[in-house]
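Heads up, the thing below is written out as structure tokens.
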Amino acid sequence: MSASLAKAFSCDIDESNLPVRAEQLRARLRSYPLLIAGQAVIALLLVELMWGRVPHVTLLSWIATLFAFLLVEIFMIWRYRKEMGTLEECRRWRTRFVVLVSCVGAVWGAGGLLLFVPGDLAYQAMLICVVLGVAAGAATTNPVFPPALYIFVTLLILPIIAINVAVGDRSHLILAAMLVVYLFFVLNAGKDLGRTFEQSLRGRLENERLVGQLTWEKQRAEQASLMKSKFLAAASHDLRQPMHALTLFVEALKGHVNGREGVELVGQIDRSVEVLGTMFDALLDISKLDAGVVQPHEESFAIQAVLDRMHAEFSRVAQGKGLRFVVADSDLMVYSDPLLLERILRNLITNAIRYTEQGEVAIVCRQEGDDLELEVSDTGIGIAQEHLPHIFEEYYQVGNQHRDRSKGLGLGLSIVKRIEQLLGYRMKVKSILGGGSSFILQIPMRAGCYDCQRRDRISEGGDVP
């Protein structure tokens, strides 16, 4: 253990261990108020205990010296407490700790000699109990900075051991031997506690370093994603032009192709271009929403106007699949961005028709308090409960494991979620596997309700179904 003690006594500080040593010094600094208060109280009680057995001059001189050093410690803490940021400052604090602890420990050790009452074993035993108590307290509060423990406890106990040896009778020699054993165990316990504290400290600092690195990497990845989204959003007009031109060329090509095989080939090209355009539009919409380019423009309007446009746009599509498309009339007013609201409905209706083979797709409006609940329901394949938490993720398609692009890219509900969060709304999803699905969007009906609920819902981070 001697090598370990020597290393602990030195507690070298260099660039490699500076963060750990600096935190050890700070922990020792934080423990000072309790240590100083505890020592002051114990010293006063000890003087009171020995008042009738030790000369008053000796007692007062001893406690005055102890209090003087405690005041020096308080001054040092107040004067230099913030100077622990550099290697040199930490080394200066290590020196201060060693000097201060040595002085206070020496005063306490001198007390073991000066307050020793010759010929009175009872008072000697009480003095030894006080010394052992102070040593035990030091062992539990000082391991944060090992040199402080080793120096203080050694200077505290060695004088009381020496005076017991000096008395020389059988009882005092036994007491001296017991104090030696106690000193050994206190130093060993302090060494173990110090090692545990240092290992815990190193683990905490390493975790903080890893968290900082992960945070930096996350911010870097988010920044790169944002820059990509901003680029695509800024270039969306230029990127859409070739797609629009390709669509026109295919339409023009139809008038110049004859023969069954040629017509079929042009039809396949037309369908592929249509799917490609849909996917391309979805990707660009995602980029605009992620880049923060899209900003809501709210106004108060009749929801029936939106419902009428949805009926005109999707009734024939639904009939083409043999489905009923039911849109209930409503005379309610809402406060929202009509274009973004239509985009939400368009994506929900498209999905409902795509995954419904028989039955109906319906849109229903009803008032719930200050909200209008807009529900898009279908009698389609439904969604299993384990898939519900993931349906708003990008490219997540429950019924398209083979990635059939004719069934979309899996971005429709992701766009819905982004717009919902942008507007500060809340959406509920109900679904039964094989029994259809319902998407219920809660929309404020008045401007005041909109502002209040938008703040509340954005602060909540949005709902996950």
Worksheet item: Which pairs do you get when a residue that is within 20 Å of PHE145 (Cβ to Cβ), found in segment 199-220, comes within reach of a residue that is among the charged types (D, E, K, R) and in a helix (DSSP H, G or I), reach meaning Cβ atoms under 6 angstrom, with the pair 6+ apart or on two chains?
Response: LEU201/GLU23
Worksheet item: Does LEU149 satisfy being within 27 Å of GLU23 (Cα to Cα) and in contact with an Asp or Glu (Cβ under 7 Å, 6 or more places away or on another chain)?
Response: no
Worksheet item: Within segment 86-105, how many residues are free of Cβ contacts under 8 Å to residues at least 60 places away in the same chain and open to solvent by 50 Å² or more (accessible area, probe 1.4 Å)?
Response: 5
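Condition check ((1) assigned to a helix (DSSP H, G or I); (2) among the basic types (Lys, Arg); (3) open to solvent by less than 50 Å² (accessible area, probe 1.4 Å); (4) at pLDDT 90 or above) across all residues:
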site: ALA22; (1), (2), (3), (4): yes, no, yes, no
site: SER31; (1), (2), (3), (4): yes, no, yes, no
site: LEU34; (1), (2), (3), (4): yes, no, no, no
site: GLN39; (1), (2), (3), (4): yes, no, yes, no
site: VAL47; (1), (2), (3), (4): yes, no, yes, yes
site: VAL57; (1), (2), (3), (4): yes, no, no, yes
site: LEU66; (1), (2), (3), (4): yes, no, yes, yes
site: TRP78; (1), (2), (3), (4): yes, no, no, no
Worksheet item: In segment 294-317, what residues are touching an Asp or Glu at 6+ places or on another chain (Cβ under 8 Å) and open to solvent by less than 30 Å² (accessible area, probe 1.4 Å)?
Response: PRO296, VAL306, LEU307, MET310
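Here is a yes/no grid of residues against (1) under 25 Å from GLU274 (Cβ atoms); (2) modelled with pLDDT of 85 or more:
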{"residue": "ASN400", "(1), (2)": "yes, no"}
{"residue": "ARG403", "(1), (2)": "yes, no"}
{"residue": "MET427", "(1), (2)": "no, yes"}
{"residue": "ILE432", "(1), (2)": "no, yes"}
{"residue": "ILE440", "(1), (2)": "no, yes"}
{"residue": "ALA447", "(1), (2)": "no, no"}
{"residue": "ILE458", "(1), (2)": "no, no"}
Worksheet item: Among the residues of segment 328-337, how many are buried (at least 17 other Cβ atoms within 10 Å of the Cβ) and out of contact with any Ser or Thr (no Cβ under 8 Å at 6 or more places or on another chain)?
Response: 3
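A quick yes/no check of all residues on (1) touching a helix residue (DSSP H, G or I) at 6+ places or on another chain (Cβ under 8 Å); (2) in a strand (DSSP E or B); (3) not polar (S, T, N, Q):
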site	(1), (2), (3)
SER330	yes, no, no
LEU345	yes, no, yes
THR350	yes, no, no
ILE353	yes, no, yes
THR356	no, no, no
ARG366	no, yes, yes
Discussion item. Where the second residue is at pLDDT 75 or above and surrounded by 10 or more Cβ atoms within 10 Å (Cβ to Cβ) and the first is farther than 14 Å from ARG271 by Cα and lies in segment 234-259, which pairs have Cβ atoms under 7 Å and are six or more apart or on separate chains?
Written reply: VAL257/VAL263; VAL257/VAL266
Item to complete: Within segment 114-159, count every residue that is aliphatic (A, V, I, L, M), out of contact with any Gly (no Cβ under 7 Å at 6 or more places or on another chain), without any contact (Cβ under 8 Å) to a residue 60 or more places away in the chain and open to solvent by 10 Å² or more (accessible area, probe 1.4 Å).
Response: 6
Fill in: Qualifying positions in segment 345-370 - open to solvent by less than 60 Å² (accessible area, probe 1.4 Å), modelled with pLDDT under 90 and under 20 Å from ARG446 (Cβ atoms)
GLY369
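The values are calculated or read from the model by the stated rules, or taken from the named source; none is laboratory data. Predicted model, so just to flag it, every value in this text is computed and none were measured. Note that each Cβ is placed from the backbone with ideal geometry, even for glycine, and that neighbours are counted across all protein chains shown. Just so you know, the surface numbers come from the protein's heavy atoms only, side chains and all, with ligands and any DNA or RNA stripped out. Shrake-Rupley method; radii C 1.70, N 1.55, O 1.52, S 1.80 Å.
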